[in-house]
Amino acid sequence: MKLFQDSTPAKIILFGEHAVVYGQPAIAVPVSDVRAFAEVQIDQTLKAPCIRISDYNIEFSLSDKDPPDKAIHIIKAIHLVAEKTELSYPPSGWRLIIWSQIPTARGLGSSAAISVLLIKILFKLSLTELSLSKLIELSYELEQYHHGRPSGIDNTVISLEKPVFFQKGREIQIIKPQIFYFVIGDTGIGKKTVHVVAEVAERYEKNKKLYDDIFQSIGKIADQGLKALETGDREKLGELMNINQSLLEDIGVSSPELDQLIKVARDEGALGAKLCGAGQGGCMVAVTMSWQKAKSIAESLREAGAKNCFVTVLKGGS
Ligand code: PMV
């Protein structure tokens, strides 16, 4: 019997990936129509909580000594919440089913979405109120486990489910944008954020001055991006995305497949396009003048080899 269901959105970084790790501001927005879901069911026959990950077709009991490898993320989340909180949820008699529309390792925040979702579910199961700041704090700890030294932007935007102007160590600013249409194209190539971030760090160590300059330029683009979002200047946003993409190319995180999809989007009339997330694979995002244009560019991206395409609208900070 279903007890409750919850979900969390995917996200895209519009400006500032990588530079944000080095203290620059960045802008991320939720993708509300692409989500990870969880449902808790009551099943009194279960002697220990049981988890089913539908996408991998696996089910295991929390009492299993040797859980499947693909369950590591979930088990780590459950252990972390147990370590860091005083929650007490029923020790038996329930099943958690998880499924996700967010492709993994493509810069759309799939791991942060699952982390945030699990924390919310465990608090709900324990009938304990969860503040947004606690959710961000706990999900950041999980992000650290998965990504080494994350900036915290992914778990923040997904926890808040609102567009954010984010800078490490600064108060989070929630953005109230005008209406914008985006199309996201997935190269189908999975890249682990932790590896791409480590490669950038290696190059940074060899050429600090140059990289600091590039990161600062990206930070300035994020500042201007904030204004473009608030005033509804789609052309400006597109131009800024194109400049941000050039700088991401300079730090070596684009790829031929991303470049190809970005070119197709621009040739087909996007106002601007860039990779989103860690890069070297994963997804690109383009901004368009209309919903119709976003749909037609999605078609062209598919024809050009994109494995998935999502069209999404950003509006009013909701
Ligand atoms: O996890 P991704 O691919 O969405 O990338 C996150 C953005 C980075 O700036 C590359 C890393 C970070 O921790 O901010």
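Miscellaneous remarks
- When ILE174 is tested against (1) in contact with a Lys or Arg (Cβ under 7 Å, 6 or more places away or on another chain); (2) surrounded by 14 or more Cβ atoms within 10 Å (Cβ to Cβ), exactly one condition is not met: (2).
- Single residue of region 224-276 satisfying the filter (of a type in the set (S, T, N, Q) and away from the ligand (no atom under 16 Å from the Cβ)) that is farthest from VAL164 (Cα to Cα): GLN260
- Options LYS134, LYS120; residue that is away from the ligand (no atom under 16 Å from the Cβ), of a type outside the set (A, V, I, L, M) and touching a residue at least 40 places away in the same chain (Cβ under 8 Å): LYS120
- Screening ARG106, ARG52, ARG35, ARG95 for residues that are in a loop (DSSP other than H, G, I, E, B) and either within 14 Å of the ligand (Cβ to nearest atom) or in contact with a strand residue (DSSP E or B) (Cβ under 6 Å, 6 or more places away or on another chain) (or both) leaves exactly one candidate, ARG106.
- Of the helices (runs of 4 or more DSSP H) lying entirely inside region 167-280, the ones with 3 or more residues being touching a Ser or Thr at 6+ places or on another chain (Cβ under 8 Å) are found at 234-250, 256-267.
- Some residue of region 190-212 being touching a residue at least 60 places away in the same chain (Cβ under 8 Å) and farther than 26 Å from PRO256 by Cβ: yes
- A residue that is within 15 Å of the ligand (Cβ to nearest atom) and surrounded by fewer than 16 Cβ atoms within 10 Å (Cβ to Cβ) can be found somewhere in region 202-219.
- Single residue of region 145-154 satisfying the filter (in a helix (DSSP H, G or I) and modelled with pLDDT of 90 or more) that is surrounded by the most Cβ atoms within 10 Å (Cβ to Cβ): ASP154
- Within the span defined as region 147-157, every residue fails to be without any contact (Cβ under 8 Å) to a residue 60 or more places away in the chain and among the acidic types (Asp, Glu).
- For ILE78: the one exception among (1) surrounded by fewer than 13 Cβ atoms within 10 Å (Cβ to Cβ); (2) under 20 Å from ALA36 (Cβ atoms): (1)
- Condition check for SER115: part of a loop (DSSP other than H, G, I, E, B) and touching a residue at least 12 places away in the same chain (Cβ under 8 Å): no
- Here VAL313 fulfils each of the conditions (1) more than 16 Å from the ligand (Cβ to nearest atom); (2) under 18 Å from the mean Cα position of the chain (by Cα); (3) surrounded by 18 or more Cβ atoms within 10 Å (Cβ to Cβ) apart from (3).
- So GLN41, is it assigned to a strand (DSSP E or B) and without any contact (Cβ under 8 Å) to a residue 40 or more places away in the chain: no
The values are calculated or read from the model by the stated rules, or taken from the named source; none is laboratory data. Every value quoted in this text rests on a predicted model; they were computed, and no experiment measured them. All Cβ positions, even for glycine, are placed from backbone atoms using ideal geometry, and neighbour counts span all protein chains on display.
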